[in-house]
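Worksheet for the structure shown next.
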Amino acid sequence: MDVNLCVGCGACTEKCPGKFDDGYNADLKQRTAIYVEYPQAVPLKYAINPDVCLKLTKDKCGICEEVCPAKAIDYTQKEERITLNAGSIIFSPGFKPFDPSRFDNYQYANFPNVVTSMEFERILSATGPTMGHVTTFPKLPLNPKKKQDKLLAEKRKDPKKIAWFQCVGSRDINKCDNAYCSSVCCMYAIKEAMIAKEHAGGNLDCSIFFMDMRTPGKEFEKYYENAKKKHGIKFIRSRVHSVTENSETHDLNIRYVDEKGQIINDTFDMIVLSVGLEITQETKEFAQKLGIELTPSGFCKTSSFEPVTSSRDGIYVSGVFNKPKDIPESVLDASAAASAAGDALSAARNTLTKAVEKIPEINVVGDRPKIGVFICDCGSNIKGVVDCAGVTEYAKTLPYVEFADEAMYACSQDAQNKMVEYIKEKNLNRIVVAACTPKTHEPLFQETLTNAGLNKYLFEMTNIRNHNSWVHKSNPEIATQKAKDLVRMAVAKAALAEPLKEEKINVNDTVMVIGGGLAGMTSAKSLALQGYKTHLIEKKDKLGGEAHKLYKTSQGEDVQTHLNELIKEIESNANITVHCNTTLENVDGFVGNFKSTLKTDTTSFALEYGVAVLATGAKALVPTEYEYGNDDRIITSLDLDKMFKENDAKLDQLNSAVFIQCVGSRQPDRPYCSRVCCTHSVDNAIELKKRKPGIDVFILYRDIRTYGERELLYKKARELGVIFIRYDREQKPEVVLDKGKLLVKLNDHVLNQPVEIEADLLTLATALVPRKDEKLANFFKVPLNDEGFFVEKHAKLGPAEFATSGVFVCGSGHYPKPVNEAITQGRAAASRALTLLAKKDNLFTSGTIANVDSMKCSQCGVCVAICPYSAPRFATEGRFAGKAEINAVLCKGCGLCVASCRSGALHLRGFDTHQIFSQIFALGEAV
Amino acid sequence: MGNLLEHMGIERDRIHFSWISSAEATKFVDVVKEISNKVRALGPNKKLVKDYN
Amino acid sequence: MNDKDIKIVSFLCNWCSYGAADLAGVSRMEYPADIRVIRIPCSGRMSPKFVLSAFREGADAVWVSG
């Protein structure tokens, strides 16, 4: 395929005889040999699978070449070797879902109604093989041809009962070699059960069989509680031994042991195996070639302090290859890797950039509109249904239309060149293109306008393909009429188009980082290394934050050594100014132009900066339960770390140590999981066992959440003899101080009997509590959630930035996180800030934004109150003081203020009221 | 909005509000069909239409 | 009633429903040709004025979709 010629019309797939499994749909259906990866793919370009193409394998067929209207098919293409010179490499090879075919106990390979979670994911999808309809026998084709398949398809039904089996291919060294936890399966199983219930309409019975429910991500615990309580999803703590099938109905019978030790039989219509994440052999071999060290589980080996840096200089990693992780952590990893790669290359920045030649803009203000209309055939995609010649003729009759032309492919290079010529030759000053969707093609045509010297906003596009010819195929006459209506509406709007200006945004490239903990220091360091003046604000008298209280990371690295090195680097970096004992008094301005007053004990001073990073962190809860404070032997996790750091002699006298988990976490007043405490306690239990093998160590827990490779610590602790006893929130352990004895009492869930432990040391794994700094949140107009953590721009796609432009977030103020994740997010926030700072000289506002007709403004303030981006405000000086004005930098052009303005003073450029009216009127003309 | 229109003699089924994400093509088509069916059942709108004659 | 007589003026949010309509096209789904789409930057841009005006211009229905 020549990707430059392919227009993504899809004509080639219609008659292609070659077939192969559609990987995007988890192989649940087939696709043609010439294919596009998935319908929303960008760019929408087709490709040929050479292994199944009849032309390439047997030199037969060749249909696609015949039908391709764009002449994009090229069977002679060969593999090319391309050499690139790169200063840094980011390696993100991803993972493969575990293949459960080899597990004979679950019979995935043989039973049609046992599916993997990946397959179920596609079954739930509206674009999947069943179009979102949950059905049994999903692996059969929708309309089976084989007799055997037809018989099975008759038994198809909407399932009434579905079970999920967790940890398939994870936390398992009996049937496979994956000792680690895949980190994502608990959450996706809950999500799949919720969506399945939504699709099936309430009555679907969903059961999730699990070992530990691991939902330590932000907002995940609430989702889990919601699934359990509001949606009636059943959670059963058991690992199912095996599955058998009713040979008649193909229903699935399972047998399992419940928590009380009873054997239970049950029947399900479908079973979903929650498969884990694996690194492929191919990736491992490639990593070896690159000289990257791997962990025994096959993931990339990285340190907690440089969590995206591989063992080979200059190669950075991100995603699941760098430990199992969910989407937000993958996105953070990616940004962090970009920051690390950029740090190393900062000296070479901008050495390879080229300047684009600017074409002077023709002034059209006041000129009578001279509209050029271009009707695209899109090969046969539009022309096959719509009478394009007729529409072109019709367009010529419309008011202000100077010229109309039909093009086979309006987006092709030669059509674009012709468009430039026509604009110049006929002095066109407004352009309408009737073709595909503006969402993909508007920028391309706007560039053509720019090349012809026209302002790019003198353009209107209307969609006669996606919204017309493709969806009204069986009714060409009506489709043609609709195309004419759409063209008329677009012409009416275009006649009113005005050239719009994109204002240059001045960016002050100084950065302010608030919070001198690990995350904040990491951010500051990366920004400074890339050449930006950075001010690091710390409330306390020294840098380092809570990390000063930690002993070791989960990978066994000494925290203090690394922390002190980092502090030294920060203090000696000429680009960083550290302000300790300093607080923020106010914030004025907006992206690129912030201004604040900062206060120390003795003075206050002003600071101007362009972007801000909020890294305010979290602190450990001071517990109010379990007799804390009433006995020296009852301490918190951080107190125990302190004892380790100081090599406290008391540690050697202990004979029995108890840990209680979830102290202050996962309960109604603090409904989140603090993420770090399970690993912390397990790690400290191991440390105690190492110091004194004879010691009895008990961990009282609700779910052990040692996600990812932290699971190996859990395994090690059990091997060392640490005893884990589970308790329920409704039946918390009881701590009794009795005649000098420290007793911990609880009900053992296995024995279902009360147990009493005499402890020499009781460690409470306390929640991490955010600082809930409402003042700071108000300063920057950024939101806090109910628990007081900052709310990021997007949970998955914008995890290190705020919706407010120019403000970024990292560290435990966003959500509790261990050392490596705080550092990753610190780097990610720096990386996101850098993408903004790097555009310093060519950052422009959009043209399609709101503006105020000050004469009409009645100063009611509705726009100021209603705008989600804080763009409108009252002018403080000048002729129109007191009237509303729009900050062009902050305006996103949504039009909310325009619609709500009672005085008609607000206008939205490009979508102004009279323009929308013109479209409505143009439509009315046909009636 | 619906109430206002009803007050003016325009049937409720002639105004429709929905929320569809950009991935929900199926829902989009379903909603179009639903509105189309409802409006067809009502017949053409006569109220409020500007009279050119 | 003739197909031609039906007009549903549809105000679609650029980021949501407009994209869904694009995808319906890519997926070649068929639906009634009654709708006429006016692309708006966000459903917040919508104003009652547009609804009334659409009816005044002879729309048989108005659809606003975010």
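The values are calculated or read from the model by the stated rules, or taken from the named source; none is laboratory data. For clarity, every value in this text was computed on a predicted model and none was experimentally measured. Because the Cβ atoms are built from the backbone with ideal geometry, glycine has one as well, and the counts that use them run over all protein chains shown.
Tabulated data for the structure shown
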quantity: Selection status of A:L843, over 20 Å from A:A524 (Cα atoms), in contact with a strand residue (DSSP E or B) (Cβ under 9 Å, 6 or more places away or on another chain), without any contact (Cβ under 8 Å) to a residue 24 or more places away in the chain and surrounded by fewer than 22 Cβ atoms within 10 Å (Cβ to Cβ); calculated: no
quantity: Filter result (assigned to a loop (DSSP other than H, G, I, E, B), touching a strand residue (DSSP E or B) at 6+ places or on another chain (Cβ under 8 Å) and within 14 Å of another protein chain (Cβ to nearest Cβ)) within the range A:34-85; calculated: A:V36, A:E37, A:Y46
quantity: Which listed residue, of A:L500, A:L486, A:L518, A:L458, is surrounded by fewer than 19 Cβ atoms within 10 Å (Cβ to Cβ) and of a type outside the set (K, R); calculated: A:L500
quantity: Condition met for C:A61 (more than 8 Å from chain A (Cβ to nearest Cβ), more than 15 Å from A:L923 (Cβ to Cβ) and of a type in the set (A, V, I, L, M, F, W, C)); calculated: no
quantity: Members of the range B:5-38 that are at the interface with another protein chain (Cβ under 7 Å from one of its Cβ atoms), over 25 Å from A:A126 (Cβ atoms) and either touching a residue at least 40 places away in the same chain (Cβ under 8 Å) or assigned to a helix (DSSP H, G or I) (or both); calculated: B:R14
quantity: Residue check for A:L273: touching a Pro at 6+ places or on another chain (Cβ under 6 Å) and more than 30 Å from A:S88 (Cα to Cα); calculated: yes
quantity: Some residue of the range A:259-272 being of a type in the set (A, V, I, L, M) and loosely packed, with under 14 Cβ neighbours inside 10 Å; calculated: yes
quantity: Residue in the range A:540-550 that is closer than 15 Å to A:T582 by Cβ, surrounded by 22 or more Cβ atoms within 10 Å (Cβ to Cβ), modelled with pLDDT of 95 or more and of a type in the set (D, E) present; calculated: no
quantity: Residues within the range C:1-44 that are outside any loop (DSSP other than H, G, I, E, B) and either facing chain B (nearest Cβ under 9 Å) or touching a residue at least 24 places away in the same chain (Cβ under 8 Å) (or both), tallied; calculated: 25
quantity: Candidates A:G882, A:G924 - the one that is without any contact (Cβ under 8 Å) to a residue 24 or more places away in the chain and more than 8 Å from chain C (Cβ to nearest Cβ); calculated: A:G882
quantity: Residue match in the range B:22-43 (condition: small (G, A, S), in contact with a Cys (Cβ under 8 Å, 6 or more places away or on another chain), on the phi < 0 side of the Ramachandran plot and crowded, with 17+ Cβ neighbours inside 10 Å); calculated: yes
quantity: Selected residue (criterion: surrounded by the most Cβ atoms within 10 Å (Cβ to Cβ)) from residues of the range A:437-452 that are in a helix (DSSP H, G or I) and within 14 Å of another protein chain (Cβ to nearest Cβ); calculated: A:P438
quantity: Candidates A:A881, A:A865, A:A833, A:A838, filtered to the one that is in the same structural domain as A:N593 (by TED's automatic domain parsing) and either surrounded by fewer than 19 Cβ atoms within 10 Å (Cβ to Cβ) or aromatic (F, W, Y) (or both); calculated: A:A838
quantity: Count of the range A:726-778 residues which are modelled with pLDDT of 95 or more, β-branched (V, I, T) and not in a strand (DSSP E or B); calculated: 0
quantity: Residue in the range A:595-608 that is closer than 18 Å to A:S304 by Cβ and among the acidic types (D, E) present; calculated: no
quantity: Qualifying residue in the range A:506-513 (condition: out of contact with any His (no Cβ under 8 Å at 6 or more places or on another chain), more than 14 Å from every other protein chain (Cβ to nearest Cβ) and in a strand (DSSP E or B)); calculated: no
